[in-house]
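Notes for the one structure printed next.
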Amino acid sequence: MKDFSNHFRELVKRELGEDPRVLVPRGAQDMMILATWRLARDALRPNKRSRMIRVVISQEALADYARGGDDLRLASDERFVAWFRRQLSSFDPNHESPLGVEPPSVTWPLGTGILNS
């Protein structure tokens, strides 16, 4: 199956705030996208990063995505971006974790029903 990790990484990166960091670790069956961005609201910590978002796209969703033609994948991309925006709209990226302590993360699973319907 073709590797779509860079493609989904870019879709996520485009939707995030200032200075996004988006990683896609290799090795798992499901695709995991890890994302943070700079929170410019804290005057005492100008480089403070958001809480981490973990988007987990199931192997089944990726296989269905790969089987589709260009038109179907484009429609799936639009659904993915709309879903990601909805998730972001109810997400509070702020945290009070001290410097050097990883703030609590959030995991957003994504199955084929959302991505490929």
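Among Gln87, Gln29, Gln59, which is free of Cβ contacts under 8 Å to residues at least 40 places away in the same chain, touching a Phe, Trp or Tyr at 6+ places or on another chain (Cβ under 9 Å), of a type in the set (S, T, N, Q) and under 20 Å from Asn116 (Cα atoms)?
Working: Gln29 fails: touching a Phe, Trp or Tyr at 6+ places or on another chain (Cβ under 9 Å); Gln59 fails: touching a Phe, Trp or Tyr at 6+ places or on another chain (Cβ under 9 Å).
Being free of Cβ contacts under 8 Å to residues at least 40 places away in the same chain, touching a Phe, Trp or Tyr at 6+ places or on another chain (Cβ under 9 Å), of a type in the set (S, T, N, Q) and under 20 Å from Asn116 (Cα atoms) holds for just one of Gln87, Gln29, Gln59, which is Gln87.
Which members of segment 50-66 meet the condition of being at pLDDT below 95 and either among the charged types (D, E, K, R) or not in a loop (DSSP other than H, G, I, E, B) (or both)?
The one that is at pLDDT below 95 and either among the charged types (D, E, K, R) or not in a loop (DSSP other than H, G, I, E, B) (or both): Arg51.
Going by what's in this entry, would Arg67 be described as over 21 Å from Lys13 (Cβ atoms), in contact (Cβ under 8 Å) with a residue 40 or more places away in the chain and open to solvent by 30 Å² or more (accessible area, probe 1.4 Å)?
For Arg67, the condition - over 21 Å from Lys13 (Cβ atoms), in contact (Cβ under 8 Å) with a residue 40 or more places away in the chain and open to solvent by 30 Å² or more (accessible area, probe 1.4 Å) - is not met.
Name every residue in segment 1-26 that is within 17 Å of Phe91 (Cβ to Cβ) and either open to solvent by less than 60 Å² (accessible area, probe 1.4 Å) or basic (Lys, Arg) (or both), in order of residue number.
Leu11, Val12, Lys13, Arg14, Glu15, Leu16, Gly17, Pro20, Arg21, Val22
Mind listing just one residue for me: the one in segment 27-49 that is touching a Pro at 6+ places or on another chain (Cβ under 8 Å) and part of a loop (DSSP other than H, G, I, E, B) and, of those, most open to solvent (accessible area, probe 1.4 Å)?
Within segment 27-49, the match that is most open to solvent (accessible area, probe 1.4 Å) is Ala40.
Does Ala61 satisfy the criteria of being in contact with a Gly (Cβ under 6 Å, 6 or more places away or on another chain) and open to solvent by less than 90 Å² (accessible area, probe 1.4 Å)?
When the stated conditions are applied, Ala61 passes them.
State which residue is modelled with the highest pLDDT when the search covers only segment 72-101 and only residues that are loosely packed, with under 10 Cβ neighbours inside 10 Å and assigned to a loop (DSSP other than H, G, I, E, B).
Applying the filter and picking the extreme gives Ser90.
The values are calculated or read from the model by the stated rules, or taken from the named source; none is laboratory data. Predicted model only: the values in this text are computed from it and were never measured. Note: ideal-geometry Cβ built from the backbone for every residue, glycine included; neighbour counts use all protein chains shown. Accessible surface is based on the protein model in full, side chains and every heavy atom, while ligands, DNA and RNA are left aside. Shrake-Rupley method; radii C 1.70, N 1.55, O 1.52, S 1.80 Å.
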